[in-house]
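S.K.: First the structure, then my questions, so here it is.
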């Protein structure tokens, strides 16, 4: 069971990629959004991905894959000890005109629910089998999947807002 999964793709492309898995296990994706009085989580479905998933969203806004049944908009704490076993945390996946940020998934709980394990495993299996994705081992012995569609078109980066971090060099993606 992978605890961490690293993928170089946009968040909206990722949500579309895993839609079948989400449907199979009755899971949902929620994105964090800032409001005047804190944060709110918004349910993302394939039809509203482009409206809710902003490529230039704040770096501190995460997204969550969960098997919990929640309202479309909520202030749920996904890190709550009793509930985190039903959650996969996601960070990154932002993009701008020239860069694409690594998307990172993490199973939060040390004792996750069996459905969360299955979802995590199926995401990894789908990435291995999908002809639009490939993988590479980066420094630190981390396996990273990447979308072939962006090769040569965008720089792959760990974090868009941090130019001190190195560019992720895969094939011919560095201009």
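S.K.: So which of 88, 116 is under 28 Å from residue 33 (Cα atoms), touching a residue at least 12 places away in the same chain (Cβ under 8 Å) and in a strand (DSSP E or B)?
M.R.: Only one candidate passes the filter, namely 88.
S.K.: Mind checking which residues of segment 120-153 are in a loop (DSSP other than H, G, I, E, B) and at pLDDT below 90?
M.R.: Passing the criteria: 139, 140, 141, 151, 152, 153.
S.K.: In addition: Filter segment 129-146 down to residues that are without any contact (Cβ under 8 Å) to a residue 24 or more places away in the chain, touching a strand residue (DSSP E or B) at 6+ places or on another chain (Cβ under 7 Å) and loosely packed, with under 14 Cβ neighbours inside 10 Å and give me whichever is farthest from residue 20 (Cα to Cα).
M.R.: Out of the qualifying residues, it is 137.
S.K.: What tally of residues in segment 4-13 results from selecting those that are over 18 Å from residue 66 (Cβ atoms) and assigned to a helix (DSSP H, G or I)?
M.R.: Residues that pass the stated criteria total 2.
S.K.: State all residues of segment 72-85 that are in contact (Cβ under 8 Å) with a residue 24 or more places away in the chain and either outside any strand (DSSP E or B) or surrounded by 18 or more Cβ atoms within 10 Å (Cβ to Cβ) (or both); if no residue qualifies, say none.
M.R.: If the condition is that a residue be in contact (Cβ under 8 Å) with a residue 24 or more places away in the chain and either outside any strand (DSSP E or B) or surrounded by 18 or more Cβ atoms within 10 Å (Cβ to Cβ) (or both), then 72, 75, 76, 78, 79, 84, 85 are the ones that fit.
S.K.: Here is a follow-up. Sort out which residues of segment 14-47 are at pLDDT below 85, assigned to a helix (DSSP H, G or I) and touching a strand residue (DSSP E or B) at 6+ places or on another chain (Cβ under 9 Å), and write them in order of number.
M.R.: Correct list: empty.
The values are calculated or read from the model by the stated rules, or taken from the named source; none is laboratory data. Keep in mind that this is a model prediction, so the values were computed, not measured. Note that each Cβ is placed from the backbone with ideal geometry, even for glycine, and that neighbours are counted across all protein chains shown.
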